[in-house]
Amino acid sequence: QVKLVESGGGSVQHGGSLRLSCAVTVPTTNSYCVAWFRQAPGQEREGVARLSTGSGVTSYRDSVKGRFTISRDSDKTTLYLQMNNLKPEDTAIYYCAADPGYCSAWSWTGFQYWGQGTQVTVSS
(Lines give C-alpha, C1' and ligand atoms only; values in the text may rest on other atoms or scores of the structure.)
Protein backbone atom coordinates (compact mmCIF):
# COMPACT_ATOMS: atom_id res chain seq x y z
CA GLN A 1 0.00 0.00 0.00
CA VAL A 2 1.30 3.47 -0.92
CA LYS A 3 1.31 6.19 1.75
CA LEU A 4 2.65 9.77 1.63
CA VAL A 5 2.95 12.21 4.56
CA GLU A 6 4.34 15.75 4.09
CA SER A 7 5.99 17.98 6.69
CA GLY A 8 8.31 20.99 6.91
CA GLY A 9 6.10 23.83 5.75
CA GLY A 10 6.16 27.23 7.41
CA SER A 11 6.52 30.98 6.94
CA VAL A 12 9.65 32.70 5.64
CA GLN A 13 10.63 36.06 4.21
CA HIS A 14 11.47 36.68 0.58
CA GLY A 15 14.85 35.09 -0.14
CA GLY A 16 14.60 32.54 2.66
CA SER A 17 14.77 28.75 2.52
CA LEU A 18 12.67 25.77 3.58
CA ARG A 19 13.04 22.03 3.23
CA LEU A 20 9.90 19.97 2.79
CA SER A 21 9.87 16.26 3.62
CA CYS A 22 7.56 13.48 2.50
CA ALA A 23 7.63 10.11 4.24
CA VAL A 24 7.07 7.56 1.48
CA THR A 25 5.81 4.00 1.75
CA VAL A 26 5.82 2.15 -1.59
CA PRO A 27 6.43 -1.43 -2.77
CA THR A 28 10.20 -1.97 -3.02
CA THR A 29 10.06 -3.94 -6.28
CA ASN A 30 8.35 -1.27 -8.39
CA SER A 31 9.40 2.04 -9.94
CA TYR A 32 7.40 5.18 -9.21
CA CYS A 33 7.23 8.76 -10.31
CA VAL A 34 7.33 10.88 -7.15
CA ALA A 35 6.62 14.58 -7.35
CA TRP A 36 5.85 17.82 -5.59
CA PHE A 37 2.80 19.85 -6.58
CA ARG A 38 1.49 23.11 -5.18
CA GLN A 39 -1.84 24.90 -5.12
CA ALA A 40 -2.53 28.53 -4.21
CA PRO A 41 -6.04 29.76 -3.32
CA GLY A 42 -8.16 30.07 -6.44
CA GLN A 43 -5.44 28.50 -8.60
CA GLU A 44 -5.09 25.13 -10.26
CA ARG A 45 -2.74 22.55 -8.81
CA GLU A 46 0.59 22.71 -10.64
CA GLY A 47 3.63 20.48 -10.80
CA VAL A 48 6.81 21.80 -9.15
CA ALA A 49 9.37 18.99 -9.33
CA ARG A 50 9.42 15.28 -10.05
CA LEU A 51 11.79 12.32 -9.72
CA SER A 52 11.70 8.88 -11.30
CA THR A 53 12.75 6.26 -8.75
CA GLY A 54 13.65 3.89 -11.58
CA SER A 55 15.92 6.13 -13.66
CA GLY A 56 16.86 8.82 -11.14
CA VAL A 57 15.90 11.53 -13.63
CA THR A 58 14.57 14.76 -12.13
CA SER A 59 12.71 17.67 -13.72
CA TYR A 60 11.39 21.06 -12.61
CA ARG A 61 8.98 23.69 -13.74
CA ASP A 62 10.80 26.69 -15.21
CA SER A 63 9.95 29.11 -12.41
CA VAL A 64 11.79 27.05 -9.76
CA LYS A 65 14.83 25.88 -11.73
CA GLY A 66 18.03 26.78 -9.92
CA ARG A 67 16.15 27.41 -6.66
CA PHE A 68 14.43 24.10 -5.79
CA THR A 69 15.94 20.61 -5.58
CA ILE A 70 14.05 17.32 -5.33
CA SER A 71 15.88 14.37 -3.78
CA ARG A 72 15.56 11.20 -1.71
CA ASP A 73 17.45 10.04 1.37
CA SER A 74 19.87 7.11 1.21
CA ASP A 75 17.35 4.47 2.26
CA LYS A 76 14.72 5.93 -0.11
CA THR A 77 12.06 6.31 2.56
CA THR A 78 11.86 10.12 2.46
CA LEU A 79 11.37 12.53 -0.43
CA TYR A 80 12.67 16.10 -0.03
CA LEU A 81 12.10 19.44 -1.67
CA GLN A 82 14.84 21.93 -0.79
CA MET A 83 13.56 25.42 -1.58
CA ASN A 84 16.03 28.32 -1.69
CA ASN A 85 15.61 31.98 -2.60
CA LEU A 86 11.88 31.75 -1.98
CA LYS A 87 9.55 34.30 -3.54
CA PRO A 88 6.03 35.41 -2.57
CA GLU A 89 4.82 33.69 -5.75
CA ASP A 90 5.87 30.37 -4.17
CA THR A 91 3.20 30.71 -1.47
CA ALA A 92 0.89 27.68 -1.71
CA ILE A 93 -0.03 24.38 -0.17
CA TYR A 94 2.59 21.86 -1.27
CA TYR A 95 1.69 18.22 -1.85
CA CYS A 96 3.81 15.18 -2.53
CA ALA A 97 2.41 12.65 -4.97
CA ALA A 98 3.30 9.29 -6.49
CA ASP A 99 2.25 7.15 -9.42
CA PRO A 100 3.47 3.73 -10.59
CA GLY A 101 5.92 3.70 -13.47
CA TYR A 102 8.25 6.32 -14.94
CA CYS A 103 7.53 10.04 -14.98
CA SER A 104 5.79 10.97 -18.21
CA ALA A 105 3.58 14.03 -17.59
CA TRP A 106 3.06 17.03 -15.33
CA SER A 107 -0.71 16.80 -14.92
CA TRP A 108 -1.90 16.18 -11.38
CA THR A 109 -4.58 13.89 -12.80
CA GLY A 110 -1.84 11.40 -13.67
CA PHE A 111 -0.87 10.79 -10.02
CA GLN A 112 -2.77 8.19 -8.08
CA TYR A 113 -1.43 8.75 -4.55
CA TRP A 114 -1.30 12.01 -2.58
CA GLY A 115 -0.19 13.37 0.77
CA GLN A 116 -2.26 15.72 2.90
CA GLY A 117 -0.36 18.90 2.00
CA THR A 118 1.77 21.39 3.95
CA GLN A 119 1.48 25.19 3.86
CA VAL A 120 4.35 27.36 2.61
CA THR A 121 4.00 31.13 3.05
CA VAL A 122 6.59 33.60 1.71
CA SER A 123 6.25 37.24 2.76
CA SER A 124 7.61 40.33 1.04
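The values are calculated or read from the model by the stated rules, or taken from the named source; none is laboratory data. Nothing here was measured: the structure is a model prediction, and the numbers come from that model. Cβ atoms come from the backbone with ideal geometry, glycine included; neighbour counts cover every protein chain shown. Calculation scope for accessible area: heavy atoms of the full protein, side chains included, ligands and nucleic acids excluded. Shrake-Rupley method; radii C 1.70, N 1.55, O 1.52, S 1.80 Å.
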Checklist entry - So which lysines pass the test for Lys76, namely a Cα distance under 24 Å, with those fewer than 8 places away in the same chain ruled out? => result Lys3, Lys65
Next on the checklist: Suppose every Lys and Arg Cβ carries +1 and every Asp and Glu Cβ carries -1, with no other charges. What dipole size does the chain come out with about its Cα centre, to the nearest 20 debye?
Outcome noted: 140 debye
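If R₀ is 25 angstrom, what is the calculated FRET efficiency for the pair Val57 and Val5, using the beta carbon separation as r and rounding to 0.05?
Efficiency at R0 = 25 Å is approximately 0.55.
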Checklist entry - How much accessible surface area, in Å² rounded to 10, belongs to the heavy atoms of Asp75 with a 1.4 Å probe? => result 100 Å²
Checklist entry - Just the Cα atoms of the stretch 9-124, one point each, no solvent: what log10 I(q)/I(0) does Debye give at q = 0.15 Å⁻¹? => result -0.60
Checklist entry - Expressed as a whole percentage, what fraction of the accessible surface of the stretch 16-77 belongs to carbon and sulfur atoms when a 1.4 Å probe is rolled over the protein heavy atoms? => result 44 percent
Item to check | the stretch 71-124 - accessible surface per residue (Å², probe 1.4 Å) | outcome: 53 Å²
Checklist entry - Roughly how many whole Å is it from the C-alpha centroid of the stretch 81-107 to that of the stretch 47-65? => result 8 Å
Checklist entry - Modelled label-to-label distance, Glu44 and Glu89, 7 Å Cα→beta-carbon offset: nm? => result 1.7 nm
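Taking R0 as 30 Å, what FRET efficiency do you get between Gln119 and Ser31 from their Cβ-Cβ distance, rounded to the nearest 0.05? Could the numbers behind the result be given before it?
On the way: r = 30 Å, r/R0 = 1.01.
For R0 = 30 Å, the calculated efficiency reads 0.50.
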Checklist entry - When the chain is modelled as a GNM with alpha-carbon springs shorter than 10 Å, which of Val26, Val12, Val57 fluctuates the most? => result Val57
Checklist entry - In the Gaussian network model of the chain, springs joining C-alpha atoms below 10 Å, which of Gly54, Gly15, Gly42 carries the largest mean-square fluctuation? => result Gly42
Next on the checklist: Given a 1.4 angstrom probe, what's the average accessible area per residue across the stretch 10-55, in square angstrom?
Outcome noted: 49 Å²
Checklist entry - Which ³J(HN,Hα) values in Hz, rounded to whole numbers, follow from the phi angles of the stretch 4-12 under the Karplus curve 6.51 cos²θ - 1.76 cosθ + 1.60, where θ = phi - 60° and Gly and Pro get x? => result 10, 9, 8, 7, x, x, x, 10, 9
